[in-house]
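The values are calculated or read from the model by the stated rules, or taken from the named source; none is laboratory data. Predicted model, so just to flag it, every value in this text is computed and none were measured. Here the Cβ positions follow ideal geometry from the backbone for every residue, glycine too, while neighbour counts run over all protein chains shown. To get the accessible areas, we keep the full protein, side chains included, count just its heavy atoms, and leave off ligands, DNA and RNA. Shrake-Rupley method; radii C 1.70, N 1.55, O 1.52, S 1.80 Å.
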Amino acid sequence: FAACANGAFATDARAVIDRLPAGVGESSDLQLWAKGLWFMHSEDAERLATVAAELRSRAAHSEARPRTVVWAAAMTAHARAMAGDTAGALEILEGLEPAASRANLTWSLWDSLAQERLLLGELLVERGDTVRASEIAREFERATPVPYLAFLPRARALSLRASTGATMA
């Protein structure tokens with residue numbers, strides 16, 4: 001999580017990922033989420049797409065946990081964005097809602113959807129919607145959800161890009 005938030009602890013994060021089961025089928029949903037984060041951080045589009053596909057498969061079952069459904073959508077949005085399908089990623093991100101209680105949203109690393117909110121803001125800047133991107137960046141200035149604080153540098157960079165209309169190109 002920290003490696004994805006601000007680049008710190010990448011070596012430690014890699015060590016954790018290396019200890020997880022190698023295949024996606026043997027991984028728990030939480031392990032898949034962690035792998036997906038790592039693949040996003042390391043820009044491994046192919047492996048991220050594999051994780052997203054496995055989570056979507058699991059989310060399709062009637063007994064799937066709500067969190068798994070959210071993770072499937074989140075990882076799919078990241079995979080699409082990484083593959084250049086920004087329209088598909090935006091469509092998913094616009095409808096993405098946490099599947100957690102307010103108490104869990106305050107502290108949970110995964111329920112806050114911090115990375116997904118930032119990705120949405122970044123894609124909105126690219127589309128020229130700087131007002132909405134600025135609003136999203138300001139969300140990270142609040143004290144809760146607490147995991148948002150780890151993403152504050154990235155949110156401030158988003159805010160700056162939105163205020164200047166700068167794109168990633």
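Scanning the range 112-155 for residues that are small (Gly, Ala, Ser), modelled with pLDDT of 90 or more and buried (at least 20 other Cβ atoms within 10 Å of the Cβ) yields Ala114, Gly121, Ala133, Ala137, Ala155. What about Ala49, is it out of contact with any helix residue (DSSP H, G or I) (no Cβ under 6 Å at 6 or more places or on another chain), in a helix (DSSP H, G or I) and small (Gly, Ala, Ser)? It is false that Ala49 is out of contact with any helix residue (DSSP H, G or I) (no Cβ under 6 Å at 6 or more places or on another chain), in a helix (DSSP H, G or I) and small (Gly, Ala, Ser). Evaluate the range 35-44: report whether one residue or more is free of Cβ contacts under 8 Å to residues at least 12 places away in the same chain, part of a helix (DSSP H, G or I) and of a type in the set (Lys, Arg). No, there is no match, as no residue in the range 35-44 is free of Cβ contacts under 8 Å to residues at least 12 places away in the same chain, part of a helix (DSSP H, G or I) and of a type in the set (Lys, Arg).
Within the range 42-68, track down each residue that is in contact with a Gly (Cβ under 8 Å, 6 or more places away or on another chain) and open to solvent by 40 Å² or more (accessible area, probe 1.4 Å). Glu54 - this is the single residue of the range 42-68 that is in contact with a Gly (Cβ under 8 Å, 6 or more places away or on another chain) and open to solvent by 40 Å² or more (accessible area, probe 1.4 Å).
Annotation: Arg56 fulfils all but one of (1) touching a residue at least 40 places away in the same chain (Cβ under 8 Å); (2) more than 22 Å from Ala157 (Cβ to Cβ); the unmet one is (1). For Leu158, the conditions (1) open to solvent by less than 10 Å² (accessible area, probe 1.4 Å); (2) not in a helix (DSSP H, G or I) are fulfilled apart from (2).
Within the range 126-153, the set of residues being more than 22 Å from Ala87 (Cα to Cα) and in a helix (DSSP H, G or I) comprises Arg138, Glu139, Val146, Pro147, Tyr148, Leu149, Ala150, Phe151, Leu152, Pro153.
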